[in-house]
1. Confirm whether residue 182 is without any contact (Cβ under 8 Å) to a residue 40 or more places away in the chain, under 23 Å from residue 67 (Cβ atoms), away from the ligand (no atom under 16 Å from the Cβ) and of a type outside the set (Val, Ile, Thr).
2. Tally the residues that are within 16 Å of the ligand (Cβ to nearest atom) and among the hydrophobic types (A, V, I, L, M, F, W, C), restricting the search to region 22-45.
3. When residues of region 142-159 are filtered for being within 14 Å of the ligand (Cβ to nearest atom) and under 22 Å from residue 182 (Cα atoms), how many remain?
4. Within the group 162, 139, 71, which residue is on the phi > 0 side of the Ramachandran plot, within 14 Å of the ligand (Cβ to nearest atom), under 14 Å from the mean Cα position of the chain (by Cα) and not hydrophobic (A, V, I, L, M, F, W, C)?
5. Look at residue 104 and say whether it is farther than 19 Å from residue 197 by Cβ and either in contact (Cβ under 8 Å) with a residue 12 or more places away in the chain or away from the ligand (no atom under 15 Å from the Cβ) (or both).
6. For the subset of region 108-136 comprising residues that are in contact (Cβ under 8 Å) with a residue 60 or more places away in the chain, more than 16 Å from the ligand (Cβ to nearest atom) and not aliphatic (A, V, I, L, M), which member is surrounded by the fewest Cβ atoms within 10 Å (Cβ to Cβ)?
7. Can you name every residue in region 191-227 that is under 16 Å from the mean Cα position of the chain (by Cα) and small (Gly, Ala, Ser)?
8. Of everything in region 182-227, what is surrounded by fewer than 19 Cβ atoms within 10 Å (Cβ to Cβ) and closer than 17 Å to residue 5 by Cα? Give them in sequence order.
Amino acid sequence: MHVVAISPHLDDAAFSIGGLLAAHRRRGDRVTIVTCFTGNVARPQGFALACQLDKGLAPDVDYMALRRDEDRAAAAVIEAEVVHLPHLEAPHRGYASAAELFSARRDDDDILPVLTRSIAEQIASLVPDLLLGPMAIGDHVDHWLVRDAIAATSTSALFWEDWPYLTRAAPAGLSQAACVHALDDADRAAQLAMCAAYTTQIGFQFGSADRLTAAIAAIDEERLHAL
Ligand SMILES: [Zn+2]
C-alpha cells in the first residue's frame with residue numbers, strides 16, 4: 001500500500017498526521033510526503049524576510065534550504081520518501097502580513113491552476129492507494145489552495161484536521177470523520193521525533209521543545225474527513 005500525503009508547507013503532514021504515517025510505515029506500507037510550497041527566492045524582502053528574521057535567522061541564511069533539510073530529517077525518522085515541489089509560499093506571492101495569510105485569497109494570486117497541475121502530476125506518477133491532504137482548518141491560504149487543488153484532482157482523497165492550528169477537539173461544523181487513527185505510544189514517539197526535526201518552527205509554533213512534547217502527548221487521535 002502506498003500512502004501519499006500532500007503537505008502545504010514543510011512540517012504540516014508531520015504535525016497533523018505524523019502518528020498515522022508512522023503507523024503505516026511500521027505496517028510496511030510505503031509513505032511519500034509531497035510538500036508543495038518549498039521554493040526559494042534569492043533575496044526575500046518585506047514580510048517574507050520578516051518570517052525568516054523572526055525565527056532568529058540572519059537575512060543571508062537560505063531559509064527554505066534549511067527547511068527542506070529539516071523535512072528530510074523528519075521523513076527519515078519513519079523512512080518515508082519526500083518530494084519537494086518548488087512553488088512559492090504565500091509571503092512570496094504578495095501576502096504581506098500574518099493576517100493576510102489567514103484571510104481571503106488575493107485577486108492576483110494565480111497559483112491554483114499551476115498547483116493543481118503539479119499535484120495531478122504527482123498523483124499520476126506516485127499512484128497512491130491512500131491520498132491525504134489538509135482540511136485547511138485555521139484557514140491558512142496555502143492550505144486552502146492545496147485542499148482545492150487535491151479536490152479538483154481526486155474524489156477519493158481524505159483530509160486531515162490541521163494541527164496545531166486548532167487543538168484536537170473537533171471544530172464545530174465538521175463532518176463525521178471517515179477515518180480515526182488512535183495514537184499509541186510508538187506513534188506518539190515517532191510523531192514527536194518527526195516534529196522535533198523542524199527546529200526552525202518549534203519556537204514559533206509551540207514556544208519550546210518541552211511544549212511541543214506536551215502538545216503531542218495530549219493528542220489521542222488523528223482524524224481524516226472526506227469532502
Ligand atoms: Zn502550513
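1. Working: without any contact (Cβ under 8 Å) to a residue 40 or more places away in the chain: yes; under 23 Å from residue 67 (Cβ atoms): no; away from the ligand (no atom under 16 Å from the Cβ): yes; of a type outside the set (Val, Ile, Thr): yes.
It is false that residue 182 is without any contact (Cβ under 8 Å) to a residue 40 or more places away in the chain, under 23 Å from residue 67 (Cβ atoms), away from the ligand (no atom under 16 Å from the Cβ) and of a type outside the set (Val, Ile, Thr).
2. The initial filter retains those residues of region 22-45 that are within 16 Å of the ligand (Cβ to nearest atom), namely 33-39.
Filter once more, keeping what is among the hydrophobic types (A, V, I, L, M, F, W, C): 33-34, 36-37.
So the count comes out to 4.
3. Adding up the residues that qualify gives 1.
4. Numbers: 162 fails: on the phi > 0 side of the Ramachandran plot; 71 fails: on the phi > 0 side of the Ramachandran plot.
After ruling out the rest, the residue left standing is 139.
5. Details: farther than 19 Å from residue 197 by Cβ: yes; either in contact (Cβ under 8 Å) with a residue 12 or more places away in the chain or away from the ligand (no atom under 15 Å from the Cβ) (or both): yes.
Taking the combined requirement at face value, the residue satisfies it.
6. Within region 108-136, the first condition is being in contact (Cβ under 8 Å) with a residue 60 or more places away in the chain, and the residues that meet it are 115, 118-119, 122-123, 126-135.
Next, only the ones that are more than 16 Å from the ligand (Cβ to nearest atom) stay: 118, 122-123, 126-131.
Keeping just the survivors that are not aliphatic (A, V, I, L, M) gives 118, 122, 128-129.
Working: 118: 16, 122: 19, 128: 21, 129: 11.
Among residues in region 108-136 that are in contact (Cβ under 8 Å) with a residue 60 or more places away in the chain, more than 16 Å from the ligand (Cβ to nearest atom) and not aliphatic (A, V, I, L, M), the one surrounded by the fewest Cβ atoms within 10 Å (Cβ to Cβ) is 129.
7. Correct list: 193, 196, 197.
8. Residues satisfying the conditions are 225, 226, 227.
The values are calculated or read from the model by the stated rules, or taken from the named source; none is laboratory data. Note that the coordinates shown come from a computational prediction; the quantities given were computed from them, not determined experimentally. Every residue, glycine as well, gets a Cβ built from its backbone with ideal geometry; the counts of neighbours run over all protein chains shown.
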